[in-house]
Amino acid sequence: MSKDKSYSLAFIAELTDSKIVGNEDFIVDNLSTLDNATKSSISFLANSKYKKNLKKSESIAIITSACDVDEDNKNYIVNEDPYLVYAKVSQLFKNSNFELENKIIHPSAVISSDSSIGDNVSVGANVVIGPNCIIEDNVTIKSNCSIVQDVHISQNSIIHNNTVLGSDGFGYASSKDGYIKIEQIGKLIIGKNVEIGANCSIDRGALSNTEIHDGVKLDNQIQVAHNVIIGKDSAIAASCAIAGSTVIGKNFKMGGLSGVLGHLNICDNVTVGAHTLIIKDIKEPGNYIGIMPAQDQNNWAKSSIFIKKRG
């Protein structure tokens, strides 16, 4: 976090379309949690269960909603969505010098002569970009990524460390002599403003393309199989897997350690809870969850009998 930046609360309130309760001229020079704040920090309170930390925090400037404002000696940036304000303020304190220094192609990167690289692209150390790839303007590909082949990454997207894009899909035909590999001759198309976390694997298509649409955000360690389509502005948490040829609509949200079976269709505006397996089409928007909380083994045995009878 940069310490050479400082902003008045008035500036932050205008930037985030928020109101101020307290001194609008108060200056902050860092963004911090309530627990680790100093007297020049700006902190945020987006969840009321952490309000108990407010009184003991040294922070004098707090981003929060109106319902969590106290009558004390602190200053408040008040917004109905404090988490969104926090996201915008975090960008103020981003280390921009690091970003500028890294808008280069590292000398250890290997890029196929059959691929094209746009303007203002960052390619990190040990990245390999194979044949028939298109990397558009303002894309960041961090170290140790493999962009295998036939991958199109659109503008302003970010690919985090150790991710593999355009790998072979899992396709084999069985025969009397063993498995015969099905060659993957489709592409992987990644839209604009997509962010893909570390250690993800996304296969290119078998015949048609795998598609990750504009604005999608993927956490770390996610597997997306061949011919999957993920709709615009979807967000998927860590360690999820989506099997081949599933088509997912816009604004899909998926909790960690969840999965979607193959050849399914999921409509727009679906939220899937953590540890949930989707095994059939979802045709209506809403929240879906199939989690079973951990419990004593003997109690689980009793519960499983009940579930089996109800099923």
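The values are calculated or read from the model by the stated rules, or taken from the named source; none is laboratory data. Owing to the predicted nature of the structure, the values given are computational and were not obtained by experimental measurement. Methodologically, a virtual Cβ is constructed for each residue, glycine included, from the backbone with ideal geometry; neighbour enumeration extends over all protein chains shown.
Return yes when residue 247 is touching a Phe, Trp or Tyr at 6+ places or on another chain (Cβ under 8 Å) and surrounded by 11 or more Cβ atoms within 10 Å (Cβ to Cβ) and no when it is not.
Numbers: touching a Phe, Trp or Tyr at 6+ places or on another chain (Cβ under 8 Å): no; surrounded by 11 or more Cβ atoms within 10 Å (Cβ to Cβ): yes.
No: the conditions fail for residue 247.
May I ask you to say which residue of 283, 253 is assigned by TED's automatic domain parsing to the domain that holds residue 215, loosely packed, with under 13 Cβ neighbours inside 10 Å and touching a strand residue (DSSP E or B) at 6+ places or on another chain (Cβ under 9 Å)? Lay out the reasoning, then the answer.
On the way: 253 fails: loosely packed, with under 13 Cβ neighbours inside 10 Å.
After ruling out the rest, the residue left standing is 283.
Return the pair list, or none, for Cβ contacts closer than 7 Å from residues in the stretch 6-17 that are crowded, with 19+ Cβ neighbours inside 10 Å to residues that are aromatic (Phe, Trp, Tyr), at least 6 apart or on different chains.
9/26
Taking the stretch 188-219, which residues are closer than 17 Å to residue 272 by Cα and surrounded by fewer than 24 Cβ atoms within 10 Å (Cβ to Cβ)? I'd like the intermediate steps shown before the answer.
Kept after step one, since they are closer than 17 Å to residue 272 by Cα, are these residues of the stretch 188-219: 216-219.
Across the stretch 188-219, the qualifying residues are 217, 219.
If residue 260 satisfies all but one of (1) under 26 Å from residue 130 (Cα atoms); (2) out of contact with any Lys or Arg (no Cβ under 8 Å at 6 or more places or on another chain); (3) buried (at least 22 other Cβ atoms within 10 Å of the Cβ); (4) without any contact (Cβ under 8 Å) to a residue 40 or more places away in the chain, what's the number of the condition it fails?
(1)
Would you check which residues across the stretch 201-221 are aliphatic (A, V, I, L, M) and touching a Ser or Thr at 6+ places or on another chain (Cβ under 7 Å) and list them?
If the condition is that a residue be aliphatic (A, V, I, L, M) and touching a Ser or Thr at 6+ places or on another chain (Cβ under 7 Å), then 202, 216 are the ones that fit.
Among the numbered criteria (1) within 28 Å of residue 120 (Cβ to Cβ); (2) assigned to a helix (DSSP H, G or I), which single criterion is violated by residue 67?
Residue 67 satisfies every listed condition except (1).
I'd like the full set of residues that are of a type in the set (A, V, I, L, M, F, W, C) and not in a loop (DSSP other than H, G, I, E, B), limited to the stretch 255-275.
Looking only at the stretch 255-275, we keep the residues that are of a type in the set (A, V, I, L, M, F, W, C), and these are 257, 260-261, 264, 266-267, 270, 272, 274.
Those that are of a type in the set (A, V, I, L, M, F, W, C) and not in a loop (DSSP other than H, G, I, E, B): 260, 266, 270, 272.
If we scan the stretch 39-50, do we find a residue that is touching an Asp or Glu at 6+ places or on another chain (Cβ under 6 Å), modelled with pLDDT of 90 or more and of a type outside the set (A, V, I, L, M, F, W, C)?
Yes, there is a match, as at least one residue in the stretch 39-50 is touching an Asp or Glu at 6+ places or on another chain (Cβ under 6 Å), modelled with pLDDT of 90 or more and of a type outside the set (A, V, I, L, M, F, W, C).
Looking only at residues that are modelled with pLDDT of 90 or more and closer than 16 Å to residue 6 by Cβ in the stretch 76-106, which one is surrounded by the fewest Cβ atoms within 10 Å (Cβ to Cβ)? It would help to see each step written out before you state the result.
From the stretch 76-106, those modelled with pLDDT of 90 or more are 76-93, 105-106; that's our starting set.
Retained after the next criterion (residues that are closer than 16 Å to residue 6 by Cβ): 77, 89-93.
Values: 77: 26, 89: 21, 90: 12, 91: 10, 92: 18, 93: 19.
Checking each candidate, the answer is 91.
Taking residue 87 as the residue in question, decide whether it is among the small types (Gly, Ala, Ser), outside the structural domain of residue 120 (by TED's automatic domain parsing), outside any helix (DSSP H, G or I) and within 30 Å of residue 142 (Cβ to Cβ). Lay out the reasoning, then the answer.
Numbers: among the small types (Gly, Ala, Ser): yes; outside the structural domain of residue 120 (by TED's automatic domain parsing): yes; outside any helix (DSSP H, G or I): no; within 30 Å of residue 142 (Cβ to Cβ): yes.
Here the answer is no, as residue 87 does not meet what is asked.
May I ask you to list the residues in the stretch 55-66 that are within 20 Å of residue 12 (Cα to Cα) and not charged (D, E, K, R)?
From the stretch 55-66, those within 20 Å of residue 12 (Cα to Cα) are 58-66; that's our starting set.
Passing the criteria: 59, 60, 61, 62, 63, 64, 65, 66.
Could you figure out which of (1) surrounded by fewer than 12 Cβ atoms within 10 Å (Cβ to Cβ); (2) modelled with pLDDT under 90; (3) assigned to a helix (DSSP H, G or I) isn't true of residue 73?
That leaves (3) as the condition not met.
Sort through 37, 13 and tell me the only one that's of a type outside the set (S, T, N, Q), within 30 Å of the chain's Cα centre (by Cα) and in a loop (DSSP other than H, G, I, E, B). Don't jump to the end; show me each part of the working.
Working: 13 fails: in a loop (DSSP other than H, G, I, E, B).
Matching residue, one of 37, 13: 37.
Given the criterion modelled with pLDDT under 95, closer than 24 Å to residue 95 by Cβ and within 28 Å of the chain's Cα centre (by Cα), identify the matching residue among 65, 2. Show your work before the answer.
Working: 65 fails: closer than 24 Å to residue 95 by Cβ.
The unique qualifying residue is 2.
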